[in-house]
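I have placed the structure first, in the form of C-alpha cells, so that the comments after it can refer back to it.
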Amino acid sequence: MQTKPTPASTRPTHSPQAKPHPPRPTAKAKKKAAQPKNKKEPQRGQEPKTRTHPQERNASQENRKGQQEAEKKREKTETREESENKARRKREHEGARKGKPSQERHRQTGESPKQEPNQLALDIFYLYTVPSTKGTRLIPSSFPQTAAKLFPTTAILMTMPKLLLRRLENLLCHSLKADIHQYGLSRLEELASHTVIFQMEEVLLVSWSLFPYFMLVAYEAGGPLRGFLLFLLYPLVCLLGQELGLRIMVFVCFVGIKESTFNIGRSVLPKFLLEDTAYEGFEMVTQCRRKVGVSDMPRVMVESFLRDYLGIEAIVGRELKVVFGYYVGFMEEKAGTILLEDTFREEKWDSHAIGIGCFNKSHIHPLFSHCKEFYFIKEAQKKNWQSLPRKSYPKPLIFHDGRLAFRPSPLAYLVMLLWLPLGLLIFLIRFLTGLLLPYDISTPILAFTGLRAKIKGVSSEPRKNKKEPSKGILYICNHKTLLDPLFISGILRKRLTAVTYSLSKFSEMVAPIRTVRLTRNRDKDSETMQKLLSETDLIVCPEGTTCREPYLLRFSPLFAEISDDIVPIAIDVKVTFFYGTTAGGFKFLDPVYLLLNPYPTYHVHFLEKLPAAYTCGAGRKSKFEVANHVQAELARALEFEVTHFTRKDKYMILADNEGMI
C-alpha cells in the first residue's frame, strides 16, 4: 500500500523521522496549570522537564490575567464599600449627636440612603438642615435637595455665600458668649432692671436703609451738588456691600466740612430719625434701666437724637478723622469704645447686660461680647412694626432746621430732581406775578400755578374803635413763613404794613408791601408801631420767628399796649419738597424754596375781633394777660400746643447764635 507524502511545511527539519503529536490537555490539567506554582522556576537557559503546547501556555496565561483582574476589582469594591460604610456611620453619629439622625434626614429630604449625592454637596446640605449650635437658627435658609442630588457642583456654587455667612454666624455666636433668644417683649419685661446694649439701626428704626440720612447731611451741610453726587453713587454703594458702601457715603458727605460749624446732627436729623423710630423697638429699649446705643453711623449724626430725644445714657458710634479743623471723610475707632469696655470689665455697669440686635450683617460691635443674653430680631418681625406716634415722643420735637421737607430716599430724591426744571419756571412765574401785578389779576394766575389758600372765618373789614377811629386795625398772627404778611394782604385785597424783627436786605427790597424793621428797644418799637398804626393797618407776628411744628412760641406783649382793635389770624402752611424757612442757611432763599414747591398751601383762619374785656384799655388787662389770651385762642383754632420758648431759644438750639442778621 502506498502512503501519501507528507507536505514539506509539516516535516520536521531536525530529523527525517516524524515525532508523534502530543495529546490535548484535559480539564484536570488546565485546573492544575491555573494554580500558582510553588516549585522553583527553572533557571535561564534550562529547559523545563515537561514541555507544553503553545496553545496550552497561552490559555493558562489568559486565565491567570483574568483571575488577577477579578481579584483587583473585588478589592476595589470592598475598599469602596468600607469607606462608604465608614462615612455613613460617621454622618449618623454626627446626626445623632446634633439631634437629627441620618434616617430622619433622608426621610425629610426624600433621598434614598443607598443613593448618596456628592459628599461635599451633602455636607453643605447637612449644615443647613441641622439647627445652630446655640439652639436656634438665626438666619433662615433653604437648600434645593434636587440640585444637591442631580447637580452637586451647581448646588455648591449656589450655597457657597450662605455657607460663608453661616460660618461667620457661628463664629459670632461663639464670640458673644451669650444666650441667644428670639425677640419677645414679655421676656424683656422681666429683665427691665438690667443694662441693654442695642444696635440703633436694627432695633429703633423701621427702615433698613441709611441712605436718606446721609443724603440729608450731604444736601444740608454740603449743598445740592454734593447731594446730587451722592445720588449718582447710590448704585455703587449698593453693589459694594454694607461696610464699604457706608465708608463711601461717609467720605462723600463729610470730606471738606468744617467741624465747628457742623450741626446737622442736632438741627436736621432728629426730626427724620424720630419719624422713622419704631414703636415696638422704642418700647423694647425703654423698659431697661440703663441703655447703651451702638450705631454704624458717625457719632455726630446720632448723638443728639439718642441722648436729647430718647434719653440714652451712652452712645457708641464711628468717629471721623479731623485735620486742621475739617473732616477728611474717613472713620476711625473711638476711644470712648475702649472706655466703655473698661467700664464693663470693672463692673461699674450691670454685669448682666442684655444685647438686642440682628445677625444679618457682617460686623458685630465688640461691646456685645459683654452681654449675658442676646435677643435677635428677624426681618419678618420688623415688617409689621409701626412708627412711633408724635404723642409718644419722650421729648417733643419743636425746632428743626434744613430745607428738605421729605425723607430723601433714592426714589423720592429722583422725583425731586425731575421736578426742579419745571419748578424753577413756575417759581419765576409766581415771583414776577406777585411782584408786578395787582391783586385782582395776580390771584387767579397764582392759583393756576398751584399756589393755594384755604380761608376760614371772617375776612371782611372789622369795626374800628369809636374812641380812636383814626387808628388802623392790628392783625396778630402766628409766624410760619416769610410770605405770611403777603398772603394776608392778598386775601384782604389791600396793602398792609408789616413789622419784622429780622429780615434780610434782599427780602426788604423785593417785598411788594411795606416792611419796617424793629430795633428790639421797647420804647422805640412802641413809638414806631403807634405811628404806623395811625397811618394804615398793621400786621404783627409776636413770636418773632417761625416754627414749623404744631407749637406756638411765646408771644411778645408789646402789641397789647398799642391798640384795642386786635384781630387774631391763625396760619398753617403745608409744603411738598422744601421748607421756606431756615435758621442756619441763607435767609434770602426762603421765598425761593417756598415757591419751588408744586402745591404750597396756606391755611388762613380769621378769628373774631378781640372783645373789649380782654384788652388793656377797655378791659384793664395787663399786656401779658392779653398776649397769653391771644396765643391761647390761636392755639385752639389750629389745634397747636403752647410753649414758652422764644426766638433766642430757637436759634441757640439750631444755630448756636441769637438769630441776629
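The values are calculated or read from the model by the stated rules, or taken from the named source; none is laboratory data. Quick caveat, the model's predicted, so the values are computed rather than measured. Cβ: placed from backbone, ideal geometry, glycine included. Neighbour counts: every protein chain shown.
Summary table
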quantity	calculated
Meets criteria (in contact with a helix residue (DSSP H, G or I) (Cβ under 6 Å, 6 or more places away or on another chain) and small (Gly, Ala, Ser)) for Gly329	yes
Search result, residues across segment 392-441 that are hydrophobic (A, V, I, L, M, F, W, C) and assigned to a loop (DSSP other than H, G, I, E, B)	Leu397, Ile398, Phe399, Ala405, Phe406, Leu437
Matching residues in segment 574-602 - criterion: being in a strand (DSSP E or B) and of a type outside the set (Val, Ile, Thr)	Lys574, Phe578, Tyr602
Residue match in segment 367-375 (condition: surrounded by fewer than 20 Cβ atoms within 10 Å (Cβ to Cβ), of a type in the set (D, E, K, R) and either in a helix (DSSP H, G or I) or modelled with pLDDT of 90 or more (or both))	no
Members of segment 418-457 that are aromatic (Phe, Trp, Tyr) and either out of contact with any helix residue (DSSP H, G or I) (no Cβ under 7 Å at 6 or more places or on another chain) or not assigned by TED's automatic domain parsing to the domain that holds Leu486 (or both)	Trp419, Phe448
Phe344 being in a helix (DSSP H, G or I), at pLDDT below 95 and of a type in the set (Phe, Trp, Tyr)	yes
Segments classed as strands (runs of 3 or more DSSP E), wholly inside segment 258-337, with at least 1 members that are modelled with pLDDT of 90 or more and among the acidic types (Asp, Glu)	314-323
Count - residues of segment 603-618 that are in a loop (DSSP other than H, G, I, E, B) and without any contact (Cβ under 8 Å) to a residue 24 or more places away in the chain	1
For Gly241: the one exception among (1) modelled with pLDDT under 90; (2) buried (at least 20 other Cβ atoms within 10 Å of the Cβ); (3) of a type in the set (Gly, Ala, Ser); (4) within 18 Å of Phe330 (Cα to Cα)	(2)
Scan of segment 543-561 for residues that are touching a helix residue (DSSP H, G or I) at 6+ places or on another chain (Cβ under 6 Å) and surrounded by 21 or more Cβ atoms within 10 Å (Cβ to Cβ), ordered by number	Gly544, Leu552, Phe555, Ala560
Subset of segment 597-629 that is of a type in the set (A, V, I, L, M, F, W, C) and more than 21 Å from Ser489 (Cα to Cα) - its residue that is farthest from the chain's Cα centre (by Cα)	Ala618
Every residue from segment 619-661 that is aliphatic (A, V, I, L, M) and assigned to a helix (DSSP H, G or I)	Val626, Ala627, Val630, Ala632, Leu634, Ala635, Ala637, Leu638, Met652, Ile653, Leu654
Verdict on Ser489 being under 24 Å from His644 (Cα atoms) and without any contact (Cβ under 8 Å) to a residue 60 or more places away in the chain	no
